[in-house]
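The values are calculated or read from the model by the stated rules, or taken from the named source; none is laboratory data. For clarity, every value in this text was computed on a predicted model and none was experimentally measured. Backbone-built Cβ (ideal geometry, glycine too); neighbour counts: all protein chains shown.
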Amino acid sequence: MRLRIAHTTSYRYEPAVTGVIQILRMTPGSHDGQYVAEWQIDVSTDSRLDVHEDAFGNVTHVLTHGPVEDLTIHVEGLLETHDTGGVLRGTDERFPPSMFLRQTELTSVNPAMAQFARELRAESGDDVLGFLHALMVQIYEHMTFDEDPTNSGTSASEAFGLRRGVCQDYAHIFIACARSGGVPARFVSGHFLRSDGVTSQQAGHAWAEAFVPDLGWVGFDAANGICTTDAHARVAVGLDYLGAAPIRGTRYGGGTETLTVTVKVDQAGRPGQWQSQRQD
């Protein structure tokens, strides 16, 4: 499948800030099942943009700018994807899977979650893949997709208690429970081509990957109740959202901050294909 993706984030500061530092993880990499045919990143201001790879191998840009009132970051490109049944191969793995057993503040479990994971693990026995599939299905049925009650700082245990949240919350719950069951798991940020034909989205997508012996890393999209397919575009990984967020940073000075995000994901070549949104 050929996926055309555009992701725009705009900031307005009133009054202007005296300085901005942003870490961008918005550029995907190629691996088995995903090839980056085109990709471009544009910034509306004459900012300094340094590129490198972080500890997990994510392509990372560090943006720095002095006084600024308006700032827009736009990425756009074309990816060729193939369905691998959710199995990830060909990535640059810099840490052993056990590294991803490490709990974080966003992926800690409470007693109810620990029991939830323990019961599913006991039912599955030595079948790790079976445990992960059951976990994904149970989370999908336990939760209701709702954008209102959670935010980027909501922990897995908070979202599990609310029984509501967005894809980020589903991923955090899956990761927390998988780790509680002794299975390494990590957070993935990226994009998803919806099957209902809707191309305009309010944010990117998120899911989890878990490590299965003799198989490797496998993608689980609990928000949709499916393993990852060629409709998923993988961008960055981390222990949780904070390590794979498209944009994280800080500002100096200024007053009110207004943030606007627009995302568009479509199949390239489809009739009525949308036009480029690149900022010239």
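Observations on the structure shown:
- Where residue 77 falls short, out of the listed (1) within 30 Å of residue 252 (Cβ to Cβ); (2) within 20 Å of the chain's Cα centre (by Cα); (3) surrounded by 13 or more Cβ atoms within 10 Å (Cβ to Cβ): (1)
- Across the range 174-192, the qualifying residues are those that are under 14 Å from the mean Cα position of the chain (by Cα) and among the hydrophobic types (A, V, I, L, M, F, W, C), and the one among them that is farthest from residue 117 (Cα to Cα) is 192.
- Residue that is surrounded by fewer than 16 Cβ atoms within 10 Å (Cβ to Cβ), touching a residue at least 24 places away in the same chain (Cβ under 8 Å) and not in a strand (DSSP E or B), where the choices are 37, 55: 55
- Residue match in the range 253-270 (condition: surrounded by fewer than 20 Cβ atoms within 10 Å (Cβ to Cβ), closer than 23 Å to residue 78 by Cα and without any contact (Cβ under 8 Å) to a residue 60 or more places away in the chain): yes
- Look at the range 175-186: where a residue is closer than 18 Å to residue 137 by Cβ and among the polar types (S, T, N, Q) and a partner is at pLDDT 95 or above and in a helix (DSSP H, G or I), sitting 6+ places away or on another chain with Cβ atoms under 7 Å, you get 180/113; 180/114; 180/117.
- Output for the range 81-98, where each listed residue is in a helix (DSSP H, G or I) and loosely packed, with under 15 Cβ neighbours inside 10 Å: 98
- The residue that is farthest from residue 209 (Cα to Cα), among those in the range 102-139 that are part of a loop (DSSP other than H, G, I, E, B) and either touching a Gly at 6+ places or on another chain (Cβ under 7 Å) or among the charged types (D, E, K, R) (or both), is 126.
- Residues of the range 113-123 that are without any contact (Cβ under 8 Å) to a residue 12 or more places away in the chain and closer than 15 Å to residue 179 by Cα: 115, 119, 122.
- Filter result for the condition that a residue is closer than 22 Å to residue 31 by Cα and modelled with pLDDT of 95 or more, over 244, 268: 244
- Residue 89, sole failed condition from (1) within 18 Å of residue 161 (Cα to Cα); (2) of a type in the set (D, E, K, R); (3) outside the structural domain of residue 238 (by TED's automatic domain parsing): (1)
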